[in-house]
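Let me begin by presenting the structure, written as structure tokens, before commenting on it.
The values are calculated or read from the model by the stated rules, or taken from the named source; none is laboratory data. Source: prediction; values computed, not measured. Backbone-built Cβ (ideal geometry, glycine too); neighbour counts: all protein chains shown. Note: accessible area is taken over every heavy atom of the protein model, side chains too, but ligands, DNA and RNA are not part of it. Shrake-Rupley method; radii C 1.70, N 1.55, O 1.52, S 1.80 Å.
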Amino acid sequence: MSNENPDQARQAGHALDAANFFLADVRDGLGPYLAVYLLTEQHWNEARIGLVMSIATIAGIVAQTPAGALVDAIRAKRSVMAAAAVLVTLASLSLPLFPTFLPVAISQGMAQAAAVIFPPAIAAVSLGIFGRAAFTRRIGRNETFNHAGNAVAAGLAGVSAYWFGPSVVFYLLGAMAVASLVSILAIPERAIDHDLARGLDDTNASREQPSGLTVLLTCRPLLVFAICVLLFHLSNAAMLPLVGQKLALQDKNMGTSLMSACIVAAQLVMVPFAMLVGAKADRWGHKRFFLAALLILPIRGALYTLSDNPFWLVGVQLLDGVAAGIFGAIFPVIVADLMRNTGRFNVAQGAVITAQSIGAALSTTLAGFVVVGAGYSAAFMTLGAVAAIGVAICLLALPETRQIADTGRPPQGKTTAPASAIAAE
């Protein structure tokens with residue numbers, strides 16, 4: 001393998017660190033700032049905001065599984081990520097120029113469809129460079145830099161928005177996009193083992209599934225995991241935008257800055273929890289970490305209803321850091337467990353992220369209509385109840401996936417990372 005070269009492995013690790021840091025802002029586009037911008041600057045109501053965000057997410061649903069299949073099939077993974085970063089940025093920067101419903105829905109749909117390439121591509125490149133033995137630790141490191149990048153970007157957005165207004169987030173996104181392109185192209189192409197990147201530990205393995213959809217329907221643990229992921233995001237996706245709307249309604253001028261405070265608070269908490277997953281998940285169990293992430297959501301939803309005080313809302317947002325920090329790091333690890341030696345790791349990621357996207361799309365629409373009909377507290381309680389269902393399903397039906405991986409096909413060939421790759425970490 002080309003990554004037996006210690007210097008090349010070290011360069012690949014540093015470039016991946018930088019790519020995860022700068023892509024943190026780009027991969028989500030405008031994210032929760034879209035709701036604040038449309039509410040305060042364009043004067044949209046909550047139901048309309050929820051609808052346009054759901055339309056954008058549906059575009060991601062359509063693109064997600066093909067994106068995973070594309071990552072499995074091609075070797076130009078860096079070029080695809082770079083092109084996606086450019087498209088996300090251009091689509092988001094067009095929003096102030098065309099702020100009516102149809103252009104916003106189209107531009108954000110384009111951004112969401114392009115952004116779905118990042119999670120499977122980053123995971124595939126990480127597996128292809130560092131191997132399965134170092135994969136959990138590498139994913140934990142990826143998420144650590146991702147959350148650090150989000151925290152820095154949100155902090156810059158909050159400070160800048162206080163002085164220059166909510167539109168400053170568009171310029172920040174452009175700057176991060178340029179930096180992400182440089183970082184992606186700095187990953188040595190020769191360091192990536194493309195067979196290993198698609199989950200083929202043994203290059204002679206022939207048990208490949210014909211499609212991502214077939215994998216999802218024939219692997220029962222993957223199906224259960226997909227349902228749990230859907231419920232996680234059905235509960236989680238709308239919570240931060242709802243908090244941002246509550247903060248903006250209290251103080252329009254401070255809405256974006258307070259939203260940034262929420263994001264920074266959560267991202268700072270995500271960093272140590274992503275590191276914890278990377279360091280301990282292989283020892284403590286993969287299911288246990290995922291279950292812990294689910295359990296946080298009902299608690300968080302209930303706490304949001306207790307007070308409208310901005311400091312309280314920002315404080316509760318710390319729990320988002322716990323749940324999202326764990327989820328982001330454990331998600332590709334569990335999929336890799338279930339897809340070992342199938343050669344369909346990235347298609348399976350795409351299929352499960354499709355379920356995730358369905359949950360996110362329904363979440364913002366559900367929350368928007370509940371807010372209009374019954375208020376913010378009812379919306380938070382509804383979202384928390386959804387997560388509680390996910391907890392029950394995970395506890396009763398999802399096996400410990402680490403054991404599935406350990407008792408599958410005996411490790412051969414590339415199941416262990418080269419010593420130079422591990423050392424580079």
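Key figures
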{"quantity": "Residues that are open to solvent by 10 Å² or more (accessible area, probe 1.4 Å), under 16 Å from F273 (Cβ atoms) and of a type in the set (A, V, I, L, M), drawn from region 121-150", "calculated": "A148"}
{"quantity": "Any pair with Cβ under 7 angstrom, 6 or more apart, that starts in region 385-399 at a residue that is closer than 10 Å to L297 by Cβ and in a helix (DSSP H, G or I) and ends at one that is open to solvent by less than 50 Å² (accessible area, probe 1.4 Å) and among the aromatic types (F, W, Y)", "calculated": "A387/F232; G390/F232"}
{"quantity": "M81 being open to solvent by 40 Å² or more (accessible area, probe 1.4 Å) and out of contact with any strand residue (DSSP E or B) (no Cβ under 7 Å at 6 or more places or on another chain)", "calculated": "no"}
{"quantity": "Residue list for region 69-106, restricted to those being at pLDDT 85 or above and of a type in the set (S, T, N, Q)", "calculated": "S79"}
{"quantity": "Matching entry among L213, L173, L200 (being in a loop (DSSP other than H, G, I, E, B) and either modelled with pLDDT under 80 or over 23 Å from the mean Cα position of the chain (by Cα) (or both))", "calculated": "L200"}
{"quantity": "Near pairs, Cβ below 6 angstrom, 6+ apart or cross-chain, from region 313-342 (at negative phi) to any residue that is buried (at least 24 other Cβ atoms within 10 Å of the Cβ) and assigned to a loop (DSSP other than H, G, I, E, B)", "calculated": "M339/G199; T342/G199"}
{"quantity": "Per-region count, region 269-312, residues of a type in the set (V, I, T) and open to solvent by 60 Å² or more (accessible area, probe 1.4 Å)", "calculated": "1"}
{"quantity": "The lone exception for P399 - which of (1) at pLDDT 85 or above; (2) in contact with a Lys or Arg (Cβ under 8 Å, 6 or more places away or on another chain); (3) more than 26 Å from I58 (Cα to Cα); (4) buried (at least 20 other Cβ atoms within 10 Å of the Cβ) it fails", "calculated": "(4)"}
{"quantity": "Residue list for region 58-78, filter: open to solvent by 20 Å² or more (accessible area, probe 1.4 Å) and in a helix (DSSP H, G or I)", "calculated": "I58, A59, I61, V62, A63, T65, P66, A69, L70, A73, R78"}
{"quantity": "Scan of region 366-381 for residues that are surrounded by fewer than 19 Cβ atoms within 10 Å (Cβ to Cβ) and assigned to a helix (DSSP H, G or I), ordered by number", "calculated": "F369, V372, G373, A374, S377, A378, M381"}
{"quantity": "Residue match in region 301-320 (condition: in a helix (DSSP H, G or I) and more than 22 Å from Q245 (Cβ to Cβ))", "calculated": "no"}
{"quantity": "First in region 73-100 and more than 16 Å from Y37 (Cβ to Cβ), second anywhere and of a type in the set (F, W, Y) and not in a helix (DSSP H, G or I), Cβ under 6 Å, 6 or more apart", "calculated": "none"}
{"quantity": "Conditions (1) open to solvent by 40 Å² or more (accessible area, probe 1.4 Å); (2) over 28 Å from L258 (Cα atoms): number failed by L97", "calculated": "(2)"}
